[in-house]
Amino acid sequence: MHWFTDVLKKYAVFSGRARRKEYWMFVLFNFIIAIVLAIVDAVAGASGVISGLYTLAMLIPSLAVGVRRLHDTGRSGWWLLIALVPLVGGIILLVFLASEGEQTSNAHGPNPKHVQAYP
């Protein structure tokens, strides 16, 4: 769960690098929470208000961790916009996000695998 809260602590940090594990664990927890909230919406008859507010609140952290993930692969955060290209854009972005990060320091910072976050 700390992968999700760590991303929220860096709410609007678009600089630096994010490991694959950090990104994909955030995506997993975000997806699970969104499903649970959609079920709560359906049961409560709130017509998507709760899940809509959650999605809106997670927009900036999702963009920020996506940019940091692309930085880890040595790409600019502007590559997120490739998802707007019909059909192939989302596939290309998925490949970029699933790619292994650069093993050495790059223009966006040191390799996050070698930086000890928790003592």
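The values are calculated or read from the model by the stated rules, or taken from the named source; none is laboratory data. Predicted model, so just to flag it, every value in this text is computed and none were measured. Cβ coordinates were reconstructed from backbone atoms using ideal geometry, including for glycine residues, and neighbour counts include every protein chain displayed.
Of the residues 81, 70, the single one that is over 22 Å from residue 100 (Cβ atoms) and either at pLDDT 95 or above or of a type in the set (A, V, I, L, M, F, W, C) (or both) is 81. Taking the stated definitions as given, is residue 53 more than 12 Å from the chain's Cα centre (by Cα) and surrounded by fewer than 16 Cβ atoms within 10 Å (Cβ to Cβ)? So residue 53 fits the description; yes. If you go through the stretch 1-29 and pick out every residue that is in a helix (DSSP H, G or I), free of Cβ contacts under 8 Å to residues at least 60 places away in the same chain and basic (Lys, Arg), you end up with 2. Consider the stretch 94-111 and keep the residues that are loosely packed, with under 11 Cβ neighbours inside 10 Å and in a loop (DSSP other than H, G, I, E, B). The one that is modelled with the highest pLDDT is 100. Among the residues of the stretch 47-68, just one is assigned to a loop (DSSP other than H, G, I, E, B) and in contact (Cβ under 8 Å) with a residue 12 or more places away in the chain, namely 58.
Screening the candidates 31, 26 for the property of being at pLDDT 90 or above, exposed (fewer than 12 other Cβ atoms within 10 Å of the Cβ) and within 14 Å of the chain's Cα centre (by Cα) yields one hit, 31.
Here residue 81 passes the criteria (1) closer than 18 Å to residue 29 by Cβ; (2) within 17 Å of the chain's Cα centre (by Cα) except the one numbered (1).
Evaluation of residue 74 against the conditions (1) assigned to a loop (DSSP other than H, G, I, E, B); (2) on the phi < 0 side of the Ramachandran plot; (3) not hydrophobic (A, V, I, L, M, F, W, C) shows that the sole unmet condition is (2).
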